[in-house]
Amino acid sequence: KPRTQHLTIPLTNISVQRQEQNVVKDLLAILSGVEGHHILVHPGEETNAQKRFIIEPTMDVSLAEMSNMILPIASSYSTVISFIEEKSSFEYGQVNHALCFAMKNIIREYQINLAQLDDQFRHGDLPLQRLVFLLQPVVQQMDILASVATAIDLGHCTGGAILSLLHNRISASVGDKAAEQLYVYLTQLASIPYMEMLEKWIYKGETMDPYGEFLVEEKEKISKEQLLEDYNDQYWESRYTLCRDRIPVYLEQVAEKILSTGKYLNVVHECGRTVSYPGAREIIYSHNRREYVQQIEQAHSYASKLLLDLLMQEYNLEARLKSVKSYFLLNEGDFLLHFMDLTEKEMRMPMQDIIPNRLEALLELALRTSLADHDVYKDDLKIVLLNYDLITQLVRILSIDTVEEQVVKSLDPTELNLTGLESFALDYTVRWPLSLVISRKSLTKYQMLFRHLFYCKHVERHLSTIWMKFKSLKMHVLHSKPWFLKALTVMQKMLHFIQNFEYYMMFEVLEPNWLTMEKNLNSASNVDDVLDFHADFLKQCLQDCLLTNTELLRMLSKLLMLCISYANYMQDLCRQVGGFAVSDSLEHSTLAGPPTAQEKRHESGRIATITKETTLHFDDLASSPEHLGLVQNYEVTFTNCLMSLLNRVAFISREQGQHCLFNIMHKLDYNGFYQSHMKDSEDVQE
Amino acid sequence: LEGDHGRKSKHAKSAHLLTKEQVNEANLVRQMLYVFQGIPSKNIKHSTRENAFCLDNNIEVDKRDRQAVHRLCELGWLHNRIKKYIDSHNKDKALGLVGQAFCAALQQELTEYYRLLSVLQSQIQQIDAGFEDNCILTLPKLAVWTFEPYERLKWIAALVDNCEDKKGGALTSMVHAFMQTGDSSSRAITRRILHIVSQPIFHIIDKWICDGELYDPFHEFFVAADLTVRNERLWYDKYRIRQSMIPSFIKMEQAEKILLVGKSINFLRLVCQDRTKLLQDRLQMSTDGAVNEDGYGLDFAADLQVRVRRAHTATGAHLLNVLRDQFKMLTHLHALRKFLLLGQGDFIRHLLDLLQEELSKPANLLYRHNLSGPVEAAVRASNAQFEDADVLTRLDFRLLEINPGDFGWDVFSLDYHLDPPLNTLITPDVMLVYLRIFIFLWRAKRMEYNLALIWTGMMEQSRRLAPVLPHLQSVLHNGHVLAAEMVHFVHQMQYYIAFEVLECSWADFQSKLKAAKDFDEVIAAHHAFLECLMKRCLLDESSSNLLMQLRSIYDQIVKFELLQKDIYQQSTFEMEAREKYDARLKDSENKGVLGMDAEKEEEEIKRRREFRKTTIPGMRARLRVCACAYQDMVVKFLRQLGKESDANLRNLSWRLDFNEHYCSKDSASRYSQSGSRKTGR
């Protein structure tokens, strides 16, 4: 081949001076990435690997050694160049582009440097020694660039990771001023696009991140509408998330703040407002002076205040919560009483036969004729009929992630024979952005609380009605008194239990917790706090109303069931005996004026006959031993149940330090009746 | 330098045997300058095989220089690539304005590049002339000089590659996509190009939103016009959005707004013949434009957004003003409400009075000329006469298509003629909807009217008949009860229609009209209004079943009317016969003859008995059948209403059945059904 002729000139044949000139020229070529005559590129390597060079063996040994001092530059140079070429393409992200830009700037300087050296060489005053001397700073520079390039290549870094890497390098090279400066230069340029994204995010709440580099990741498919429907929706947690490995080290501390800043702004944005942060300034990276942290913090406090004001003032979060409370937690109970009166028939029907519209209308009637009429949000209250009762729902929720999960799941998911009472629940229309706070999840918790309270109220009501009926019977049934008194005592016990339990829930659980939350809300400085306070409130309420402990819950539901079945039994009895008497005596019209003498006489006569009849009936009934046994049975079961509940509560409050629960003891067993009972039974056992 | 030359010459000598031409570095540099412009030089030719510039193989060049030259040659290749694009597309007339702008931008970049080359050239010349001896141009220096241009051309070439077969908005989008780089120098280049490239688009937008002129000879704008569409359908069909041509920096909603603005202007000009206010608008816009001519920042379209918003509010408001003031949109809508939706009660009542007879005829015996008189008379006699003359001339009636068996009632309909531009709001399709609603309302009205007539008839007849025919009393009573039931039904229906449907929807519509900012919103509001009416008047598809029920209830009322007539006829006949007999009896009594002859008396008694024993029970049975059928229908109707999702319809069912009279019937029947089913099992 004709071209190989140069190689045929052996270096040994010429003087060392001439050799030196040739070597310098070759070196200059090699440095600018061109293969020389005497120094060749080691062939057959992978393209990414560092280039190695072959020095002609005939070269003067000292010259060869001198060359070896310079050659690392060339290999670094080639690494850097291939790095730039590769990472400039779009998919590697903007930080890579910016870094390449910075490297290119340095490479340009380097080439100018080379051109000057070349010039000097042509003028004949560039001995090898001088070249080596002049290139000394470059050796380090190129080495740094190459090491950065290899590190990024190896780690497949993009975005924040690159910035972290560079930042760490700066910290690691504080002693070496030149290296530090170079790193700072690279970092500053490389962080420009990242900082632009950051500005967009914390000043406007927009993500402009086509290559997935920014620390905040947006999941478009999680939309805010789901908040209203999906029970498990995590809009607030999952719509925007931090991507740990994309956070530059120097933003690590403020990452959460950055995330929430943008999130707040986004919410404001979604409410149809335009956000413009007055203090928006360019954020510039600097290694030591952490101005950007301050800027980010300012933006954060602005955004959180903005959103908090929006929620609190514009959307009246507190009033909203109050409204929710007044319905779900029976704050203003008159509407519920009214509603229960109105829907007595419906509540007893099977769920399938209930016309939801009718219930809805009745609810509205109840709302408008009660205190709730003053609530501006009352129209948002709805009813819903769920196809599972509270206990099933709770057990199912509680059994998640426990051993029983499979068992519970395998049970038939829909009970078909639910009554209206069991399937009834309130619902509430919440609109964006309040749905952030009152999401489906928290609304479900409210619903559970409501159903619980509602059921208790129902039990109480039922018992009270029967109590009243029997009270009026009392004047007729004198003969069967002992049995009768026994029955009433059991009922009184039950009433005592249910009323005190309700009292406990309302005044020792809901009200204090509510007050705490209210206080906290007023002092909240950002929306995350608000969310936390609200969640805490609900959690505490559920827990103290015994809804989170499966065991307690089972006991409680059994107690309530006992009450209901006893009330039903008594009602049956009452209907058999003196239904007519009760209804008649109650129905004296006051419109007709005071009863005349004749009417009075007639009335007393009637009462006498009724008394006679009922007494007969009652004696019949009561004398049969099965009734007496039944009542006694009820009493024993009830007492046992209640005692085991109390036991359990005492145990839990002792063991787990939940002192609120202990108040139940004080309420239900204020005079130590059951305690002494317990002791007695223990004694008996012993 | 001396040494180098010496070495070179030595090499040359040693290589002399191979008789290769020697090319020294200065020569190469000189040749490179040509290559940089894509021109092949003496030793550096373009090789199509490798698609690159190559040094001749048969010349003698230092190996190192050869590599350096090769590297530098890429610049020439890039240059050619861009140049080729410019050349091939400059002649292409179909490329469009954006393409032209793109070429111009590229040309500008190349010019910048040429300037550099000329500087280099002049350096060489200076050396040739002997000045500045120590500053000759070497290949390494050339590499330094071309470092930046190389990056630039590479970037642009990539851009060109990607924009190869794009045009218009798509091209702008592509250039905009290149803005997404972190490299600030490349971004600066892209911004420069984007600025030029987007100018035509902004220009077109400007023309479009100021003058409504669609200056788009090359179909590159994102609004497309269909020139075949006539003015009546201009608003709906003429303009549409070309999805692919929306530049990526303009959002979809913004594009829609732009479309709307231009459309409004065109509508004003072509349909409303209005040109007044637009000039002023344009003046405003152009001064704005001058201020912001060259300052598109990073938020590229922020300025545009402001302008579009302003143009949108201005044109929207103007168009609505023109429609309101000049074309009396509200007056005509009111007129439609008054006549087609029976808002003008006295007029309708009068019309019913006048047409009663005519419309009872079979439909094929109806003639327009017979009807126009009564309609005119009704207008004159009622408050409708104080309407705008314009409105009254537009009021008309039409006879719908005749189906066999139809009566006049079924085919008569009022009509209202509209001119452009209002027929864009109320298109023939919309008019048909109005007519359908009218027919529904008209039928309900007629039922009310008929029942009122029946009621009067009843009062009159029962006064007359009851004293003479005591046995008839129960029949009459049954008739009254049924009639009262029907009156209740029809009145509640009327109430529902008048207050819950018409009045509420109308109020909604009015408030929406007031809040509307552009014509599209007006159209949407009107559409929603009609849809609401259709839904609540049971005219939409989903409630066709309900409508049928209602229809059959009405038919039952008509049947009842006939039945009632029949009963009265029979009874009147009987009464007259009796009266005649009594009169004769009296007559003969007066003459002194006591009693009748036995035969006549027998006959009289027989007839009376027959009336009592057969005719009256027959009547009663017929009435009962009628009542039963009617009640069944109502129950069915109510049951279906209760299932309806619209709360208003459910309310209607409560209204009709306020004391649960029908409900109890319904449950009773269902109970008996289920009971029988149970026993059956």
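Could you say whether any residue in segment A:42-56 is within 30 Å of B:F178 (Cα to Cα), more than 10 Å from chain B (Cβ to nearest Cβ) and either in a loop (DSSP other than H, G, I, E, B) or over 46 Å from the mean Cα position of the chain (by Cα) (or both)?
Yes; the residues of segment A:42-56 include at least one that is within 30 Å of B:F178 (Cα to Cα), more than 10 Å from chain B (Cβ to nearest Cβ) and either in a loop (DSSP other than H, G, I, E, B) or over 46 Å from the mean Cα position of the chain (by Cα) (or both).
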Residue ID - surrounded by the fewest Cβ atoms within 10 Å (Cβ to Cβ), chosen from residues in segment A:502-558 that are closer than 28 Å to A:L645 by Cβ and β-branched (V, I, T): A:T516
Given B:Q22, B:Q37, which one is of a type outside the set (G, A, S) and away from chain A (no Cβ under 14 Å)? B:Q37
A:I355 vs (1) without any contact (Cβ under 8 Å) to a residue 24 or more places away in the chain; (2) over 30 Å from A:Q543 (Cβ atoms); (3) more than 14 Å from chain B (Cβ to nearest Cβ); (4) among the β-branched types (V, I, T): all pass except (3)
Of residues in segment A:187-202 being within 13 Å of chain B (Cβ to nearest Cβ) and more than 12 Å from A:I283 (Cα to Cα), the one surrounded by the fewest Cβ atoms within 10 Å (Cβ to Cβ): A:L189
In segment B:459-478, what residues are surrounded by fewer than 19 Cβ atoms within 10 Å (Cβ to Cβ) and either in contact (Cβ under 8 Å) with a residue 60 or more places away in the chain or not in a helix (DSSP H, G or I) (or both)? B:R464, B:V468, B:H471, B:S474, B:N478
Report, ordered by the first and then the second residue, all pairs with beta carbons closer than 7 Å, sequence separation of six or more or different chains, a first member in segment B:605-620 that is in contact (Cβ under 8 Å) with a residue 24 or more places away in the chain and among the polar types (S, T, N, Q), and a second member that is assigned to a helix (DSSP H, G or I) and crowded, with 16+ Cβ neighbours inside 10 Å. B:T615/B:Q570
For residues that are more than 14 Å from every other protein chain (Cβ to nearest Cβ) and part of a helix (DSSP H, G or I), tally how many sit in segment B:65-91. 16
Output for segment A:267-313, where each listed residue is closer than 22 Å to A:R244 by Cβ and either among the β-branched types (V, I, T) or in contact with a Lys or Arg (Cβ under 8 Å, 6 or more places away or on another chain) (or both): A:I283, A:V293, A:I296, A:E297, A:H300
Go through B:Q494, B:Q473, B:Q461 for me and flag whichever is polar (S, T, N, Q) and closer than 20 Å to B:F347 by Cβ. B:Q494
Hey, among B:L546, B:L563, B:L538, B:L550, which residue is aliphatic (A, V, I, L, M) and in contact with a Cys (Cβ under 8 Å, 6 or more places away or on another chain)? B:L563
Specify which of the listed residues (B:K91, B:K154, B:K84) is modelled with pLDDT under 85 and of a type in the set (D, E, K, R). B:K91
Do you know which residues across segment A:108-142 are at the interface with another protein chain (Cβ under 9 Å from one of its Cβ atoms), of a type outside the set (S, T, N, Q) and either within 58 Å of the chain's Cα centre (by Cα) or not in a loop (DSSP other than H, G, I, E, B) (or both)? A:R108, A:I112, A:L114, A:A115, A:L117, A:D118, A:D119, A:F121, A:R122
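So that you can scan it fast, the table gives a plain yes or no per residue for (1) in contact with a His (Cβ under 8 Å, 6 or more places away or on another chain); (2) more than 20 Å from B:A158 (Cβ to Cβ); (3) surrounded by fewer than 24 Cβ atoms within 10 Å (Cβ to Cβ):
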{"position": "B:T172", "(1), (2), (3)": "no, no, no"}
{"position": "B:D216", "(1), (2), (3)": "no, yes, yes"}
{"position": "B:L227", "(1), (2), (3)": "no, yes, yes"}
{"position": "B:I241", "(1), (2), (3)": "no, yes, yes"}
{"position": "B:P247", "(1), (2), (3)": "yes, no, no"}
Please determine whether any residue of segment B:194-205 is surrounded by 15 or more Cβ atoms within 10 Å (Cβ to Cβ), among the polar types (S, T, N, Q) and within 24 Å of B:N162 (Cα to Cα). yes
Filter result for A:I152 (touching a helix residue (DSSP H, G or I) at 6+ places or on another chain (Cβ under 7 Å) and in contact (Cβ under 8 Å) with a residue 24 or more places away in the chain): yes
Can you tell which of B:S173, B:S186, B:S122 is more than 13 Å from every other protein chain (Cβ to nearest Cβ), in a helix (DSSP H, G or I), at pLDDT 85 or above and farther than 24 Å from B:D216 by Cβ? B:S122
Kindly establish whether A:K104 is more than 28 Å from A:I152 (Cα to Cα), at the interface with another protein chain (Cβ under 8 Å from one of its Cβ atoms) and in a helix (DSSP H, G or I). no
All but one of (1) modelled with pLDDT of 80 or more; (2) within 22 Å of A:V437 (Cβ to Cβ) hold for A:E270; state the number of the condition that does not hold. (1)
Would you confirm whether or not segment A:88-97 contains a residue that is in a helix (DSSP H, G or I) and away from chain B (no Cβ under 14 Å)? no
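State whether one or more residues within segment B:340-363 are assigned to a helix (DSSP H, G or I) and more than 19 Å from B:F438 (Cα to Cα). Spell out the reasoning first.
Just the residues of segment B:340-363 that are assigned to a helix (DSSP H, G or I), to begin with: B:345-359, B:363.
Filter once more, keeping what is more than 19 Å from B:F438 (Cα to Cα): B:357.
Among the residues of segment B:340-363, at least one is assigned to a helix (DSSP H, G or I) and more than 19 Å from B:F438 (Cα to Cα), which makes the answer yes.
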Among helices (runs of 4 or more DSSP H) entirely within segment A:570-681, at least 3 residues that are modelled with pLDDT of 75 or more, surrounded by 13 or more Cβ atoms within 10 Å (Cβ to Cβ) and polar (S, T, N, Q) occur in A:625-656
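Among the listed residues A:T343, A:T392, identify the single one that is in contact (Cβ under 8 Å) with a residue 24 or more places away in the chain and of a type in the set (S, T, N, Q).
The conditions single out A:T343.
The values are calculated or read from the model by the stated rules, or taken from the named source; none is laboratory data. What you are looking at is a predicted structure, and each value in this text was computed from that prediction instead of being measured. Please note: Cβ atoms are built from the backbone with ideal geometry, for glycine as well, and neighbour counts cover all protein chains shown.
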